[in-house]
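Structure record follows, encoded as structure tokens.
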Ligand code: ADP
Ligand code: MG
């Protein structure tokens, strides 16, 4: 072809299912030498499902009542965990309450007025750092099996815990291996989720460097630290919580199918075909194009 090398690299990347926003992106992608991957929606499929519903003894809540409370609060959220909770409530044909004053905090969870109560749903560690033993034991029981435990608070008091699990993408391990080969370094996992669930998953794809319980700005700090050590970091993520790190990275790639609007807007490139394995392919393509240009 007579196309300039970088343009033809963009066209090739497009054919592989990665949409680069400019020629500069392909050039930068060819320079990366370290990779940071998000967990939920990036290494996993991003369609988590409710696997356990545990009202706390003493609350007199049924499973359905706990789920309806949580789903009502989660209804306006676009977070994959929120969608899992709402879908489970729909499957049980539960009627949801009206939601007032909804607020969402990335890396933490949601808060809303539901049925005359303030209901919060989210990370146990963030919502209730000094939880009673009953809550801690329940959370641990779910997390050791790789589930994400989501805590439900009603007027500040624990109402119950919901276990949610997500499948690893079928090409996750192969992608980690290919990126390791290309950069000479094993990718790291940056996640807002809990350490137990994160390590359980990381072990299955060959990642040992796991940074868990991170807020969006913690992901940025990790990326900036490596860039200060002269690494050119590729960040791959899907969530609102990943947007600042995608912006701070040498190059940011968002997962397109389940990706939040903010992540898609902020990233330099988008994986449109929803295959993680296209990422090492386009990194290799970008490097080949750079060699032709330079
Ligand atoms: P990741 O970095 O793995 O994509 P997030 O930063 O999106 O994860 O979420 C981190 C944690 O924050 C979740 O594991 C959950 O505990 C909590 N969380 C955030 N948003 C929500 C929500 N809408 N509902 C329930 N939990 C949430
Ligand atoms: Mg995510």
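Results, tabulated for the structure shown:
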| read-out | value |
| --- | --- |
| Boolean, residue 125 is farther than 17 Å from residue 193 by Cβ and within 12 Å of ligand 1 (Cβ to nearest atom) | no |
| Of residues in the stretch 33-48 being under 21 Å from the mean Cα position of the chain (by Cα) and more than 14 Å from ligand 1 (Cβ to nearest atom), the one nearest to residue 81 (Cα to Cα) | 35 |
| The stretch 60-81, residues that are part of a helix (DSSP H, G or I), in contact with a helix residue (DSSP H, G or I) (Cβ under 8 Å, 6 or more places away or on another chain), within 11 Å of ligand 1 (Cβ to nearest atom) and farther than 18 Å from residue 254 by Cβ | 70, 71, 74, 81 |
| Residue within the stretch 162-174 that is part of a helix (DSSP H, G or I), within 13 Å of ligand 1 (Cβ to nearest atom) and crowded, with 24+ Cβ neighbours inside 10 Å present | no |
| Selection from the stretch 225-250 of residues that are free of Cβ contacts under 8 Å to residues at least 60 places away in the same chain and either out of contact with any helix residue (DSSP H, G or I) (no Cβ under 9 Å at 6 or more places or on another chain) or within 19 Å of residue 280 (Cβ to Cβ) (or both) | 225, 228, 229, 230, 246 |
| Those strands (runs of 3 or more DSSP E) lying entirely in the stretch 188-293 with at least 1 residues more than 15 Å from ligand 2 (Cβ to nearest atom) and in contact with a strand residue (DSSP E or B) (Cβ under 7 Å, 6 or more places away or on another chain) | 233-237, 251-255, 269-271 |
| Residues that are within 27 Å of residue 93 (Cα to Cα), out of contact with any strand residue (DSSP E or B) (no Cβ under 8 Å at 6 or more places or on another chain) and crowded, with 19+ Cβ neighbours inside 10 Å, drawn from the stretch 17-74 | 68, 71 |
| Count - residues of the stretch 1-59 that are part of a loop (DSSP other than H, G, I, E, B) and closer than 30 Å to residue 206 by Cα | 9 |
| Number of positions in the stretch 203-224 that are within 23 Å of residue 45 (Cα to Cα) and touching a residue at least 60 places away in the same chain (Cβ under 8 Å) | 7 |
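No lab work stands behind these numbers, since they all come straight from the coordinates. Keep in mind it's a predicted model, so treat the numbers as computed, not measured. FYI the Cβ positions are ideal-geometry reconstructions off the backbone, even for glycines, and counts take in every protein chain you see.
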